[in-house]
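Before any comments, here is the structure.
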Amino acid sequence: MSISLDEHLTRGSMTKEVQDQLIGARNLFFGFLKGIDSQFNIKLPDYVYHYTSVENFYSMVESDTIRMFTISNFEDRLERKLPLDIENQVKAHITNNDTFEKHDFAGMLNTALSDDHVFIQSNTPTSQNSYLWENYGNKGQGICLRISTAKYIAFLEETIDDFDLLPDYFKCCFVSYDNAWLNQFLEMLLPVVKAVDSKLNNAALLIWFFFLEYWKNFTKLPEPYEKEKEFRFVVSDNYSLFLFLCSQLAKWGLFSAEDSTAISDAFLTEYTDRKNKLRQALGYTQTKQSSFVTIPFSRVVDSVLIGPNSKITKTEISKGTNYKVKKSQVERILGRL
């Protein structure tokens, strides 16, 4: 679902300078993504699989929700821990032009992505992963959900502003257990970014840092995670976060403008509106233990598979969901682990 520029600019009175900055930021962000899209050749699987217990499965059906959590909620302590050589080549601090105070820009972006902006749901491209059956599917006695990638993307494109403008690799992607590809990609982008950065009020380097920190959400150390062959669904209003970072740059006097305060406020207002709208649409919930959004189970799950070590029948599974899941949607994994 895309929003027209006219809709953006009719939200209250703005000076032409502020309008031009908002339009420029939008064109820069989505233009940058379109410009590098050809560098990616990621074929998405038609279906992915999520392993869980029978009890959790029934809870998902009853609430008609699948939860997507922030990275900071994940139990895996090695998330986002693969070091990148390229990080040592670029200054990660930005200096306020007025106060000369230095800000840890990369750290700010890292925290925002981990704690507040990126919501993830973990899957795998096969229903035959014995490691996942053992560790997440109740030792083979649980359930495996067969989820349609196309239905997931379609739902979010209907629900989230501008989600249809994002390339597919910003919606879902395989986890990498090697950082070589990311180092190579960022190395390739860096000369171009540095060449145009001063002409774009530091925004080009901002996008580069965004890519660096964002893609860390798809890297893990190979041990003990490589056996999972993980494929992640991702909800993240990347443009919204870009607006927040632009607001900070304007606040620090790094935009060439007569009224940096008004521009900073405009970016921040647009960011806040988009962030709240997304959270409302996806039922954002925050507890002491976790933060998550939800997508509807019934919109994305194609069928369910009974674990290879389970004795429960297809009829019992359907009955346990009050027939919300039909018997014809239930399959059984043959053999034993």
* Can you check what the net charge comes to around Gly320, using other residues whose Cβ is under 13 Å from the Cβ of Gly320 (Lys, Arg +1; Asp, Glu -1)? => +2
* Within straight-line cross-link reach of Lys139, lysines at Cα separation under 25 Å, skipping those fewer than 8 residues along the same chain -> Lys220, Lys227, Lys229, Lys311, Lys314, Lys319, Lys326, Lys327
* Extension gain (nm, one decimal) between Glu187 and Ser290, 0.36 nm per residue minus Cα-Cα -> 33.6 nm
* **Per DSSP, loop chymotrypsin sites (Phe, Trp or Tyr not before Pro) in the stretch 240-337 with at most 14 further Cβ within 10 Å** => Tyr323
* If we sort 29-36, 61-68, 304-311 on the protection proxy, mean other Cβ atoms within 10 Å, highest first, what's the order? -> 304-311, 61-68, 29-36
* Contour minus Cα-Cα distance for Asp37 and Thr261 (0.36 nm per residue) -> 77.3 nm
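Values in this text are rule-based calculations from the coordinates and carry no lab data. Just so we're clear, the structure is a prediction, and the values are computed from it rather than from any experiment. A quick note on method: Cβ atoms are made from the backbone with ideal geometry, for glycine too, and the neighbour counts reach across all protein chains shown.
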